[in-house]
Amino acid sequence: MVMKPEPWGVALDGILEDADLASGSEPLIIFPSPAGEVFTQHMARELAEEQHLVFGCGRYEGIDQRVFDEYSARARVKLVSIGDYVLNGGEVASIAMIEAIARLLPGVVGNPESLVEESHEEDGLLEYPSYTKPANWRDREVPPILLSGNHAAIAKWRREQSIERTKRVRPELLPRELDDAPRGRHAAP
Ligand code: JB8
């Protein structure tokens, strides 16, 4: 079952008209779709600059193509996928995108440093493992280096952990200059 165009026309005409009356700003309409461009942190940063985002959530097998054609001619439209898996509709994908975008807006996250600490954000590597007190919990020790007070050594350890974790879990994220893995046909001499 494919969603019919008429209700989409009524809804989106209303939104575009209200936006024009209220501010003259030109909304960006996002349709969550498995056929869309993949949502990334880079895209979140771009979308956080927008004045007005509209999320058009489909259900069933999606929306009559003419809705995309009509609103692509009258507004900016993006089809966006949050990953290679299938949901029943666009709502959960929209909520994920809204959270990723909103936390980049001033004042949404209390401590602005939190924005650059997260995985991917600073150096494209996965986050290193983090620990708190107590130093021993159920016979599990905090790595002693973290208790050493040697801040340069701690920074080095964390960076090594990030690199190793990225190689293991998400090798495609590893920056070229950190990739010393042997390449089958192109192995260094
Ligand atoms: C109907 O998996 B998805 C996704 C699936 C959908 C619709 C939108 C997005 C609409 N099924 O990102």
- Message: Among the residues that make up the stretch 55-63, is at least one of them more than 7 Å from the ligand (Cβ to nearest atom), within 22 Å of ALA22 (Cα to Cα) and either polar (S, T, N, Q) or touching a residue at least 24 places away in the same chain (Cβ under 8 Å) (or both)?
- Response: yes
- Of all residues making up the stretch 16-43, the number that are surrounded by 15 or more Cβ atoms within 10 Å (Cβ to Cβ), within 16 Å of the ligand (Cβ to nearest atom) and either among the small types (Gly, Ala, Ser) or without any contact (Cβ under 8 Å) to a residue 24 or more places away in the chain (or both): 2
- Task: Only residues in the stretch 86-103 that are closer than 24 Å to MET3 by Cα and open to solvent by 90 Å² or more (accessible area, probe 1.4 Å) count as the first member; pair them with residues that are within 8 Å of the ligand (Cβ to nearest atom) and not in a helix (DSSP H, G or I), Cβ under 7 angstrom, at least 6 apart or cross-chain, and list the lot.
- Result: VAL86/PRO34; ASN88/ARG59
- Please name all residue pairs, on different chains or six or more residues apart, with Cβ atoms under 7 Å, provided the first residue is in the stretch 68-81 and is touching a residue at least 12 places away in the same chain (Cβ under 8 Å) and closer than 17 Å to ASP20 by Cα and the second residue is more than 16 Å from the ligand (Cβ to nearest atom) and charged (D, E, K, R). ALA75/GLU26; ARG76/GLU26
- Within the stretch 64-85, restricting attention to residues that are surrounded by 14 or more Cβ atoms within 10 Å (Cβ to Cβ) and among the aliphatic types (A, V, I, L, M), which residue is nearest to the ligand (Cβ to nearest atom)? ILE82
- Task: May I ask you to verify whether VAL2 is within 16 Å of the ligand (Cβ to nearest atom) and under 30 Å from LEU173 (Cβ atoms)?
- Result: no
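The values are calculated or read from the model by the stated rules, or taken from the named source; none is laboratory data. Predicted, not measured: the structure shown is a model, and the values here were computed from it. Every residue, glycine among them, receives a Cβ derived from its backbone with ideal geometry; neighbour counts consider all protein chains shown. Areas reflect the complete protein model, heavy atoms only, side chains present, ligands, DNA and RNA absent. Shrake-Rupley method; radii C 1.70, N 1.55, O 1.52, S 1.80 Å.
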